[in-house]
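Single-structure report; data block below.
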């Protein structure tokens, strides 16, 4: 029977990747629409990251680091260098994970499962400044101001909500500097981001 | 008239006895019973599988005609409704519920199922290695895969097992349900409780599916244009039954109407019309009883087919009734024509007797059926019918029926050249025929309509079900033995996979390990205290929480003392898969393990032969079915040839003159040659069914030739003789000609061949033979 697929838990990890953008002068009537508009102007960017994962079964957090790159509207690459090299690529509607501890290539389609699709589509939508898509998948709350904002995303899909409680994306102007996620089972991860290059004006 | 009473009494006793035997007869429809006893085991098992085995329980559904999100919603709604019904064991459409049973089973029994459960696995060193691996995965982007299962399964057995079970590529998924790769069709697999051959239950299942589909279409917004496609063995069986029923009902009604009007015109007596049925009806009853007594069962094909083979016995009554002259009694007539009739009947039975020696059980049954049927029908015509014909009966319409042929016979000196030219042209056409004369495409013989076959192939492709061509096959005395042997085989096949000769394989023991292995795995699990002690050592220096793995300790302890798995514990999808590989047969079990991605068949065959596993064979299914078809063809030709030779020998014995035999045989040969040429005109091919048709041409046509060959004492008798042959031929041509209109290959081919051939036999016999009295 070719019916058994891997359980779609791995979608949780998609959250852990997110690129960034450069600073952009804030305007007077700043809000979600304005933020999205500014984010939409970033066509490509790259950065380095450090990720701290707190896992229930472990007594100490796990730390990983590497580089991120983004090409609008739907290409995201997270290349982990330490502790073990690994590549995570979202290209259009396909996720490819390769070179990890098992040295194998895993391919997933975003369309295959709304739980994966809903989560990754949301991250991509933030980066692309695609507010309608973001609204479609998440309850979106913005706090702070242009100089220091924080976007709280909570999945609308009940299946996705069971796996990911929330995602917080932090930034300054159109530049992302942090991404925190909390999964349904109590694990959480904090990622700090320092960008190198961006084509944003 | 003691003679009359004795004949009628004997006949009635015979009928009652036959009816008694038939009441106890077992009728079988499985094609396995039709195949030769010597057919390759794999072929037999697969044929059975398709009609009654595990795979026959599956119906594939496809939803199409709307955008993917609507189709996905339809799939979920339909699956939800079907899952409520007891008629369906399982409904798999790719959603979570589709796999919940298998995932739950694998999770609960991971320590009995996993091949990695050895004593080494649970030493401090083994556990330490597993934990190190887990730590690496947790830190990676794949960490999500194990986060939830880790506390209960630090050695990762469940994930490995699920990966093994789902090794082949499944269908694509959109919105968490199965789709064809182009997103045009949502796919569902329905597992019915009834097997495919139980057509009534399958029909009921389809009715339920169609009803639920209608409800789902009304419930899902925008789904009004969605269409449902159904496929699978049960669906085919229903389609075949419906087509056959429709064709047979319609065509036999038409044929009957034709025969009734012809015979009414000739006889002008309803009573005699009805009497004409007695020989064939008695023949059929006796034939069923004889086959049942000899073989222990009667195959459905034998029954349907046999009746057409002894259709000739309708002619017997026609000869008797039509040749009874004015002022003559039927008893006088039968005494006069009996020698010819008897020789004609013997000719046919000798022709059919060749079939008795076929290795195909079905052919042998058909041979016996026709012989018994014809002998009894002729006997009833000879000894029973004359007593029942009304005094002074005479077929009033006979004269006008024979008129056209008599006109042709008057012109026969000129028309003979036409026959000669026809035969020469036919021989030329046959020798110039481009390509092979034989139709080697098995699908053309299948009663499954081409459209259904194409649709099924499309859906199989959509589902990613590989067309398995290669198998490792072996027999075992009992189920446990079969499972143990498939475990031994696993080791050899694994080494073939490691060497790249094989992409993968499935064996029954992967789903249900033998009791021997399950006990060994239980024994390999350490006791509770020992496991905790070793785990503490294994954890040293690693950042795992001490209390994180309580579910693991609990589950290992439960498995160590828990019950073992049996076939009954399997969830439906795995039970189905096991049933497709492990089949009960005769008084043992057969294992057919599918081999995937065989790059070098000869190499794999050699490796399996050298693996030191007695009785395990490598089977190439395509090769075997080609061979089966070739055997079938060789036998069909051999039967036709030996049957024809036997006919000639019998005629020699009966007529005692080479010249007379030639007079009888020449028109038959001409008719068969011209028929073959006509059938293959324009690149057409000869099917096996047509060969059976040729045999029928000889059986029926020889009667015409024998009657033509006989000299008649006067013009009236001669005219009546011609009339009876024409009448018999018209009935045959109309019945078989109508069969040729059927869409079922076997009916179409035989109908076409026999209608054409018998008509040509009549014409050739009339033109080539110098009749006994000039008309």
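Just so you know, all these numbers are worked out from the coordinates, no wet-lab data involved. Everything numeric in this text was worked out from a predicted model, so none of it was measured. Cβ coordinates were reconstructed from backbone atoms using ideal geometry, including for glycine residues, and neighbour counts include every protein chain displayed.
The table below gives the values:
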{"item": "Distance in nm between pseudo-label sites at residue B:424 and residue B:638 (7 Å out along the Cβ direction from Cα)", "result": "3.7"}
{"item": "Inter-site label distance for residue B:8 and residue B:626 at 7 Å from Cα along Cβ, in nm", "result": "6.3"}
{"item": "Per-residue mean of C-beta atoms belonging to partner chains within 10 Å, peptide B:171-179", "result": "4"}
{"item": "Cα-based convex hull volume of region B:335-448 per residue, rounded to whole Å³", "result": "235"}
{"item": "Cα-Cα P(r), region B:381-436, percent of pairs per 10 Å interval", "result": "17, 21, 21, 19, 17, 5"}
{"item": "Model label zone, residue A:133; criterion: amide N under 18 Å from point 7 Å along Cα-to-beta-carbon; scope region A:89-107", "result": "A:89-96"}
{"item": "Ranked B:474, B:369, criterion: other C-beta atoms within 10 Å, fewest first", "result": "B:474, B:369"}
{"item": "Residues A:67, A:59 arranged by fewest to most Cβ contacts within 10 Å", "result": "A:59, A:67"}
{"item": "Label-reachable residues, region B:608-634, where backbone N falls under 13 Å from a point 7 Å from residue B:495's Cα toward its Cβ", "result": "B:608-613"}
{"item": "Peptide A:170-177 - average C-beta neighbours from other chains (10 Å radius)", "result": "0"}
{"item": "Efficiency of FRET between residue B:359 and residue B:293 - r from beta-carbon atoms, R0 30 angstrom, step 0.05", "result": "0.90"}
{"item": "Computed [θ] at 222 nm, helices only, for the protein assembly as shown once each DSSP H run of length n ≥ 4 contributes -39500 (n - 2.57)", "result": "-18000 deg cm²/dmol"}
{"item": "Potential extension, residue B:265-residue B:119 segment - 0.36 nm per residue separation minus Cα distance", "result": "43.5 nm"}
{"item": "Rg and Dmax of region A:31-195, Cα atoms only, in Å", "result": "15.3, 44"}
{"item": "Rg/Rh ratio calculated on Cα atoms of the protein assembly as shown (Kirkwood radius)", "result": "1.14"}
{"item": "Sequence of B:338, B:417 once ranked by neighbouring C-beta atoms within 10 Å, starting from the fewest", "result": "B:417, B:338"}
{"item": "DSSP bridge orientation in chain B - percent antiparallel, rounded to nearest 5", "result": "95"}
{"item": "Computed FRET value (nearest 0.05) for residue B:714 with residue B:453, which takes r as the C-beta separation and R₀ as 56 Å", "result": "0.40"}
{"item": "Debye intensity ratio I(q)/I(0), log10, region B:106-184, q values 0.18, 0.22 Å⁻¹ (C-alpha model)", "result": "-0.85, -1.07"}
{"item": "Label-point separation, residue A:102 to residue A:65 (7 Å along Cα→Cβ), nm", "result": "2.8"}
{"item": "Label zone at residue B:437 (point 7 Å along Cα-to-Cβ), backbone N below 17 Å, region B:694-722", "result": "B:694-698"}
{"item": "Shielding score for A:51-61, defined as the mean number of other chain Cβ atoms within 10 Å", "result": "5"}
{"item": "Per-q log10 I(q)/I(0), chain B, q = 0.06, 0.08, 0.11 Å⁻¹ (Debye; single scatterer per alpha-carbon; no solvent)", "result": "-0.53, -0.80, -1.19"}
